[in-house]
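Working notes, beginning with the structure itself.
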Amino acid sequence: MPNVAPLHANDPRRVGHYLLTGRIAEMPAEGSVFLAATANQNQVTLTLLDADWTQNGAARDRFTAEARAARRVAPFCTARIIDAGLDDGLAYLVREYVAGPSLTEFVADQGPLRGSSLAALAVGTATGVAAIHQAGLVHGQFGPEHVVLGVSGPRVVGFGITPPYGAA
């Protein structure tokens, strides 16, 4: 997972029932991404979405429908969507926190993968993207910054819901 930085002065400290503990830098997303804690002290990532999602009733309805679709994405090669909601005029998505370096970070530090490690990366990444598409979502832009090399293998973390103004 990319580096976690301290919260900015104007960042919220709590969204829904999640306590924000840091800002995740260099994480591709539709809005600001935070490291957060659940009531049980489990770590999750929380994305605050752009204001387009809450501008009117139709946008909020679409957010609810898209978030429901995102929760159907199979979790075995993706960061599972745990929760979604609206809080104080902000739309948010909560994902499973996947510990590990992004593929971008790994290659910069260790060099390119080869052999069976490369094959495992390709299969895991393709499976994650297929799971996203099977749930009726798009992944939008996709690159090595959207893949985290977790202890259980590669996980696609950068997928979202379709913006309220049209398909990506």
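For region 42-61, residues that are open to solvent by 70 Å² or more (accessible area, probe 1.4 Å), under 9 Å from Ala91 (Cβ atoms) and free of Cβ contacts under 8 Å to residues at least 60 places away in the same chain total 2. Is it true that Val98 is part of a loop (DSSP other than H, G, I, E, B) and open to solvent by less than 20 Å² (accessible area, probe 1.4 Å)? For Val98, the condition - part of a loop (DSSP other than H, G, I, E, B) and open to solvent by less than 20 Å² (accessible area, probe 1.4 Å) - is met.
Picking from residues in region 102-145 that are open to solvent by 40 Å² or more (accessible area, probe 1.4 Å) and polar (S, T, N, Q), the one that is nearest to Val4 (Cα to Cα) is Thr104. For Ile161, are the conditions met, namely being within 17 Å of the chain's Cα centre (by Cα), aliphatic (A, V, I, L, M) and modelled with pLDDT under 90? It is true that Ile161 is within 17 Å of the chain's Cα centre (by Cα), aliphatic (A, V, I, L, M) and modelled with pLDDT under 90. Is one or more of the residues making up region 83-90 at pLDDT 90 or above, open to solvent by 30 Å² or more (accessible area, probe 1.4 Å) and part of a helix (DSSP H, G or I)? Within region 83-90, none of the residues are at pLDDT 90 or above, open to solvent by 30 Å² or more (accessible area, probe 1.4 Å) and part of a helix (DSSP H, G or I).
The values are calculated or read from the model by the stated rules, or taken from the named source; none is laboratory data. All of these numbers come straight from a predicted model, not from anything done at the bench. All Cβ positions, glycine included, derive from the backbone under ideal geometry; neighbour counts span all protein chains shown. Accessible surface areas use protein heavy atoms only, side chains included; no ligands, DNA or RNA. Shrake-Rupley method; radii C 1.70, N 1.55, O 1.52, S 1.80 Å.
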